[in-house]
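Structure, as structure tokens:
The values are calculated or read from the model by the stated rules, or taken from the named source; none is laboratory data. Just so we're clear, the structure is a prediction, and the values are computed from it rather than from any experiment. Ideal geometry is used to build each Cβ from the backbone, glycine not excepted, and the neighbour counts take in all protein chains shown. Surface accessibility is based on the protein's heavy atoms, side chains included, excluding ligands, DNA and RNA. Shrake-Rupley method; radii C 1.70, N 1.55, O 1.52, S 1.80 Å.
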Amino acid sequence: MRDEIIIIGAGQAGLCASYCLTRKGIPHAVLEAGFAGESWRSQRWDSFCLVTPNWTVQLPGMTPDGDPDGFLRCSEFVEFIARFADSFSAPVEHLTRVLSVRPARKGARFELETTRGQRRCDSLFVCCGMYQTIRRPAAAKSLPAYIEQIDAVSYRNPEILQKGAVLVVGSGQSGTQIAEEIHGSGREVFLSVGKTGRIPRRYRGRDLSRWQFDMGHLERTADQLDSPADRFRSDPHVSGRRGGYTINLHQFARDGIQLLGSIESISGNSIRLADNLAANMRSADEYAEAFCRSVDAYVLENSIAAPAPDEENSDFGGAVGSNPNSPLEIDLRAAGIRTVVWATGFAFDFSWIDFPIFDEFGYPYTMRGVTEVEGLYFLGLNWLHTRKSGIILGAAGDARFVVEHLLRQEKVLAA
């Protein structure tokens, strides 16, 4: 079967591209392994909320109802993205996973193997995002059989976990929120802390997203980063639950969550831990301090009337941060740990695309989503063009750019 244009993925990026093509009257197909917004449907826990406020949730012609400074629950965003797809009758072919992409032998540029057969097309938009492969450390294989292991994408709520204490590994947005929820349910929780930064939810009278927007942080381009590897750094931990609030590891320690260094090795019931908890917590604090300093400078330079910093956001640890009580070894049985939640992130994998367009990280070389291969485009990736490319706020702008490029370069016929 041949299509002139195929979009892989019906998340916000793929649907924005579909919207732009539809508005131009250009036939195309959207191939989706699940249903529209699938990762939001199947890879989030029950209480998950977006961490960016509603005013940043902008899709063409649609914004969420209600408080623009509020935060959508995951179920509400799934409904929102489904309504967006329905608003222009997006031609989504559900339950169609793309297995490989290669040069077509004849009659088209691209040949796709899918779970529903072979497809061919002349233009291809890859919009399947950055979070494709669950990343779990090799040491996980050494855990005893009685330990239940789940990844953050499979966690739903504390009730699904077997009885006993819980070890959460990873202190990014998912790990910290999951650890907090499990601890709030009355469980004993251990949290293995990495180097992920933290950021105040609100500072000097504004939400962090508003400061980032006003200060131009979301318009920073990838070439302004210190290193290309910074494109893949974890986002700082923060929450959108209960109207949005700051997550602070020092407060976790005060509340009774046992903070640990990163895992070095596992042998039987014994987990060896690195002596890096204090350094990792300091790294998180430094991220928050740098953000606060940048806001302070912006306020001063622009003579903005803003309230002084509050105590919550000037909390950089004190005694807890300078001398955290962390063991260098944990005995799983003695600690009563029966479950490990791996919140160690994802890796992207484009090895199924057989074109030489990837850098040493496996990330595609593009100019704002346009590759050197004629007709091949990417959307929805972190730092594809700017900081906002990988979030909902940036999806529509990047989609418009690549569709306009397609129209300039190709003889695409409207329906």
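Against the conditions (1) surrounded by 17 or more Cβ atoms within 10 Å (Cβ to Cβ); (2) touching a Phe, Trp or Tyr at 6+ places or on another chain (Cβ under 6 Å), P68 satisfies every one except (1).
Selection over the range 9-57 of residues that are surrounded by fewer than 22 Cβ atoms within 10 Å (Cβ to Cβ), part of a strand (DSSP E or B) and more than 15 Å from the chain's Cα centre (by Cα) gives a count of 1. Pairing residues of the range 133-144 that are exposed (fewer than 15 other Cβ atoms within 10 Å of the Cβ) with residues that are in a helix (DSSP H, G or I), at Cβ distances under 8 Å and at least 6 apart in sequence or on separate chains, gives P144/L332. Restricting the range 145-170 to residues that are more than 30 Å from Q12 (Cα to Cα) and free of Cβ contacts under 8 Å to residues at least 60 places away in the same chain, the residue that is surrounded by the most Cβ atoms within 10 Å (Cβ to Cβ) is E159.
In a residue-by-residue description of the range 200-218, the property of being outside any helix (DSSP H, G or I), touching a residue at least 12 places away in the same chain (Cβ under 8 Å), open to solvent by 30 Å² or more (accessible area, probe 1.4 Å) and in contact with a Ser or Thr (Cβ under 6 Å, 6 or more places away or on another chain) applies to no position. If we scan the range 335-349, do we find a residue that is out of contact with any Lys or Arg (no Cβ under 6 Å at 6 or more places or on another chain), under 30 Å from T115 (Cα atoms) and modelled with pLDDT of 95 or more? Scanning the range 335-349, I find at least one residue that is out of contact with any Lys or Arg (no Cβ under 6 Å at 6 or more places or on another chain), under 30 Å from T115 (Cα atoms) and modelled with pLDDT of 95 or more, so the answer is yes. Would you be able to say whether some residue in the range 296-312 is open to solvent by 70 Å² or more (accessible area, probe 1.4 Å), within 27 Å of L208 (Cβ to Cβ), assigned to a helix (DSSP H, G or I) and at pLDDT 95 or above? The answer is yes, given that some residue of the range 296-312 is open to solvent by 70 Å² or more (accessible area, probe 1.4 Å), within 27 Å of L208 (Cβ to Cβ), assigned to a helix (DSSP H, G or I) and at pLDDT 95 or above. If you filter the range 178-199 down to residues that are open to solvent by less than 10 Å² (accessible area, probe 1.4 Å) and out of contact with any Leu (no Cβ under 6 Å at 6 or more places or on another chain), you find that the one that is nearest to Y245 (Cα to Cα) is R198.
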